[in-house]
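Here is the structure we will look at, set down as structure tokens.
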Amino acid sequence: MFMAKRFPRWILGLVAIGLVVVVPAVYLQPAKVLAPDAAAELPARAVHVDHRDIVKGPFRSGQDVTRACLSCHKHAAAEVMKTTHWTWESKAVKVPRRETPVTIGKVNQINNFCIGTQGNENKCMTCHAGYGWEAGRAAQQADAANVDCLACHADPATYGKGLYGNPSESVDLLTAAKSVRATTRENCGKCHFDGGGGNGVKHGDLDESLYFPARALDVHMGGRHNMQCSDCHVTRGHRILGRMVADNYTIAAADQVSCEQCHAGRVHRDARIASHLRSVACQTCHIPAMAREEPTKVTWDWSKAGQAGRKDDHYTYLKIKGEFSYASNFTPSYLWFNGGNEYRYLLGDPISRNGPTYINRPAGSIRDPKARIFPFKLHVARQPFDEVNGYLLQPVTAGKDGFWTHFDWNRAFEAAVPLTGLAYSGRYGFTETWMYWPTTHMVQPAAQALQCDACHSARGQPGRLDWAALGYPGDPVKWGARKLP
């Protein structure tokens, strides 16, 4: 009877050793074209010119300072007036639910923080790079002398803004003008770190901890690079790259900021990590937590505003604004994102009667080849709406006729009618709204980036990603990433 020869065990041993050595070598081999030094891609910074002996004065108003600036920088105001930092408004865009193109921005639309600027210019324009809003929008926007050069170029220790975007009465304009320089994080942060009513309130990845951060807080702004905002938000002719999707509908790629500006080529040696770039944004792994040091507002209930007898506390309740909750060092929300909005609430749009009304909904899906899984801060609010007309209401809050003076919602809504053009029925309620803010700052050093088990479940424990909500039938590590059912 024929007996088959036994397969030599030593051959099996060689095969096993080969798998242990060769397979990791294939995955972990250095990329053929390694990424260049990212720091070498940073733009050259302008040489600072000390203005202490150039600026003379005297100055009686902010406009006087601007006229002095324009005597040398002749085209500066005209350049600024073409930007969204000046207009607070996008170019007109077509949206599916409107017959004519619409513009979107802080100047004419609604959010779920301070709600809206119309009628509230005396307070809101503290963060506008312009003077003279008491004259009305048309007059303010038409005058080049209203461009506030000091807001972006003065040493913030010498300059602050007061009502209607004008300089604070305590400012020494000559001292402020003599301090002008290239912009720093301190200039940008005065508005962007304190947006929404205070330090860290709005974004969750921008707050005053970034004025002088450690490298562990932000690898770009901290440590030896000490990057300024304009290193990424490259500026030419006062046109600053990088626009917030919350205040726009779609944003052209040419107007955006991306990691690839500096991190070009193959940036990961491990092919398994590199393969994730088809589906996962850099920010998802490299910004594992939000509001690392300073808390950020995550809920805001306007329906509780105006209550008598309650003690004011910045983090829980203010009579003029209502109830809040804050969070720090927390996990972002994750959505597919292609850089635009699937939807942006426009003034007069109907609210949702089934679930929350979205102020914005980032665009993208698992089937969108341009979309990546991206981290967001979700802000949930209860804000006023017209019970008869079915749309969100914008109140006048600041000033002698505003809610913060008399705490009468009806008067605040009636005062807004001629400003917004929205009729008010006389009946109001409060409804839940959601607003998403992309997370792009507070980038961690590589050693603190997310590891595999942060997203992919280990030993039956769920990871941070909701695979079903993202369109997957389950954890894709089990059946192949981006494979659709």
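The values are calculated or read from the model by the stated rules, or taken from the named source; none is laboratory data. Only a predicted model underlies this, so the values are computations on that prediction, with no experimental measurement involved. To get the accessible areas, we keep the full protein, side chains included, count just its heavy atoms, and leave off ligands, DNA and RNA. Shrake-Rupley method; radii C 1.70, N 1.55, O 1.52, S 1.80 Å.
Structure values in brief
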| quantity | calculated |
| --- | --- |
| Estimated [θ] at 222 nm from DSSP helical runs (n ≥ 4, -39500 (n - 2.57)) normalised by residues in the chain, nearest 500 | -5000 deg cm²/dmol |
| Carbon + sulfur, % of accessible area of the chain - ligands and nucleic acids excluded, 1.4 Å | 57 |
| GLU387 long-range amide H proximity, modeled H, under 5 Å | ARG427, TYR428, GLY429 |
| As computed over region 234-298, the Cα convex hull volume per residue (Å³) | 170 |
| From phi via Karplus (6.51, -1.76, 1.60), per-residue ³J(HN,Hα) for region 102-107 in Hz, x at Gly/Pro | 10, 9, 9, x, 5, 6 |
| Whole-number accessible area per residue in Å² for region 303-400, which is evaluated in the context of all protein chains at 1.4 Å | 43 |
| Proportion of all alpha-carbon pairs of the chain beyond 36 Å (%) | 38 |
| Integer Hz, Karplus 6.51/-1.76/1.60 couplings in order for region 421-436, x for Gly and Pro | x, 8, 5, 10, 6, x, 10, 10, x, 10, 10, 7, 10, 10, 9, 9 |
| Region 98-160 versus region 292-359: alpha-carbon centroid distance in Å | 22 |
| Nonlocal amide H pairs with TYR345, under 5 Å, H built at 1.01 Å | ASN360 |
| Amide proton proximity set for TYR326, modelled H, under 5 Å, gap of 5+ | VAL298 |
